[in-house]
1. Checking the structure you have, find out if any residue of the stretch 80-90 is over 24 Å from Ala42 (Cβ atoms) and part of a helix (DSSP H, G or I).
2. Counting only residues that are surrounded by fewer than 12 Cβ atoms within 10 Å (Cβ to Cβ) and part of a helix (DSSP H, G or I), which one in the stretch 31-55 is modelled with the lowest pLDDT?
3. Of everything in the stretch 119-145, what is surrounded by fewer than 18 Cβ atoms within 10 Å (Cβ to Cβ), under 14 Å from the mean Cα position of the chain (by Cα) and not β-branched (Val, Ile, Thr)? Give them in sequence order.
4. Pairs, please: C-beta under 8 Å, at least 6 apart or cross-chain, first residue touching a residue at least 24 places away in the same chain (Cβ under 8 Å) and in the stretch 129-143, second outside any helix (DSSP H, G or I) and surrounded by 12 or more Cβ atoms within 10 Å (Cβ to Cβ)?
5. When you check Asn116 against the structure, is it touching a strand residue (DSSP E or B) at 6+ places or on another chain (Cβ under 7 Å), of a type outside the set (A, V, I, L, M, F, W, C) and open to solvent by less than 40 Å² (accessible area, probe 1.4 Å), yes or no?
6. Under the condition of being open to solvent by less than 10 Å² (accessible area, probe 1.4 Å) and either under 16 Å from the mean Cα position of the chain (by Cα) or of a type in the set (Val, Ile, Thr) (or both), which residue from the stretch 94-108 is farthest from Asn43 (Cα to Cα)?
7. Can you pull out every residue in the stretch 98-136 that is more than 21 Å from Ile84 (Cα to Cα), in a helix (DSSP H, G or I) and either out of contact with any helix residue (DSSP H, G or I) (no Cβ under 8 Å at 6 or more places or on another chain) or of a type in the set (Phe, Trp, Tyr) (or both)?
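The values are calculated or read from the model by the stated rules, or taken from the named source; none is laboratory data. As the structure is a prediction and not an experimental result, all values here were calculated from the model. Note that we place each Cβ from the backbone using ideal geometry, even for glycine, and neighbour counts take in every protein chain shown. Only protein heavy atoms, including side chains, enter the accessible area calculation; ligands, DNA and RNA are left aside. Shrake-Rupley method; radii C 1.70, N 1.55, O 1.52, S 1.80 Å.
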Amino acid sequence: MTYLFRELTSITRFVPLVLFLILFQALAWWISHGTMTQVGIANIVGTLLRFVDANVVIEYNQIWGGLTERYVVIDHQCTGFSLIATLSAILFVLPINWQKKITGVVIIIVFVQLENVVRISHLYYLVVNNSPSFDFYHLYLWQGVNFVYAIALFLITFKLLIPKEKNEII
């Protein structure tokens, strides 16, 4: 952990980190505001939900409970791209080769989206079942889970990609 902290707090890493954050967040904003992204995530989650609930209806960026008038909307904030951009920017300033950086970004994208599928599926069932606790789960619990998950995912990715002699402390 000392190595990671030292690397990320050195001024030679801080300026590139800020630049990568700006660049990746702008790219994430552009991608996540595209309707294809929102519709794609809705289709993936809706298709997976159909394995357990044949009444799921996917319409544009909405996942409807077929027997109810309730639905979940997948908007730009539901894509997970902002979290991916932040984790990728941190990864890009670490002193590892480009192959490992790209591998790390792929790992981050896959696991953030897997968690996103679980999150959206859970929120869908809360909405369809008219749960009064939807706001709590959506605004608080899942935000906390995302935060802890992001830290754990980054540390695991860091541990896998950084040479052993540099991450022995973690």
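1. Yes, the stretch 80-90 has at least one match.
2. Per the stated criteria, the residue is Thr35.
3. Gln143, Gly144
4. Close Cβ pairs (under 8 Å, with a partner that is outside any helix (DSSP H, G or I) and surrounded by 12 or more Cβ atoms within 10 Å (Cβ to Cβ)) amount to Asn130/Thr68; Asn130/Arg70.
5. Spelling it out, it is not the case that Asn116 is touching a strand residue (DSSP E or B) at 6+ places or on another chain (Cβ under 7 Å), of a type outside the set (A, V, I, L, M, F, W, C) and open to solvent by less than 40 Å² (accessible area, probe 1.4 Å).
6. Residues of the stretch 94-108 that are open to solvent by less than 10 Å² (accessible area, probe 1.4 Å), as a first pass: 94, 104, 108.
Cutting the leftovers down to either under 16 Å from the mean Cα position of the chain (by Cα) or of a type in the set (Val, Ile, Thr) (or both) gives us 104, 108.
Values: Gly104: 26, Ile108: 21 Å.
Of everything passing the filter in the stretch 94-108, Gly104 is farthest from Asn43 (Cα to Cα).
7. Tyr124, Tyr125, Val128, Phe134, Asp135, Phe136
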